[in-house]
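One structure is given here, and the rest of the page talks about it.
The values are calculated or read from the model by the stated rules, or taken from the named source; none is laboratory data. Note that the structure is predicted; figures quoted are calculated from it, not measured. Glycine gets a Cβ as well: all are built from the backbone with ideal geometry, and neighbour counts include every protein chain shown. Heads up: the accessible areas ignore ligands, DNA and RNA and are worked out on the full protein's heavy atoms, side chains in. Shrake-Rupley method; radii C 1.70, N 1.55, O 1.52, S 1.80 Å.
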Amino acid sequence: MKLYDDPAFAHLDPRFVIHLQHIIDASAQKHNAFETLQGLIQVNTELNNHQIQCTSDMQKSLLNCFKDTLPKAQRKQFDTFFNMMTKMNRK
């Protein structure tokens, strides 16, 4: 599902949501988990720059949107990278 079709992003400016989707689409062209995580970081930076707090629904949608861009074989690698980064940020 594209972000602009996701109800979790309906309250945001549609142009901004399309911009976020372009970031996702650009990272999808690289087809690897590390580049996908970099795209996720870029989206989070954009959200922070616009002072937008993600709801849990928005976070889930973003993760799924990025993960869905990867080949099935790399989705587990994405989860592993993401979990590792999450643990490092908690410290």
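Details
- Extent of the chain along its three principal axes (Cα atoms, max minus min coordinate, largest first): 33, 31, 19 Å.
- Proximal aspartates and glutamates relative to LYS76, as straight alpha-carbon distance under 18 Å, when same-chain residues fewer than 8 apart are discounted: GLU35, ASP68
- Highest-first packing order for the peptide set 35-45, 52-62 is 35-45, 52-62, based on the mean count of other beta carbon atoms within 10 Å.
- Apportionment of accessible area to carbon and sulfur, the chain, percent (1.4 Å): 52
- Largest to smallest in accessible area, the residues PHE34, PHE78, PHE16 fall in the order PHE34, PHE16, PHE78 (1.4 Å probe, all protein chains included).
- Excluding ligands, DNA and RNA, the accessible surface per residue across the chain is 67 Å² with a 1.4 Å probe.
- Assigned charges on the beta-carbon of Lys, Arg, Asp, Glu; the chain dipole about Cα centre (debye): 460
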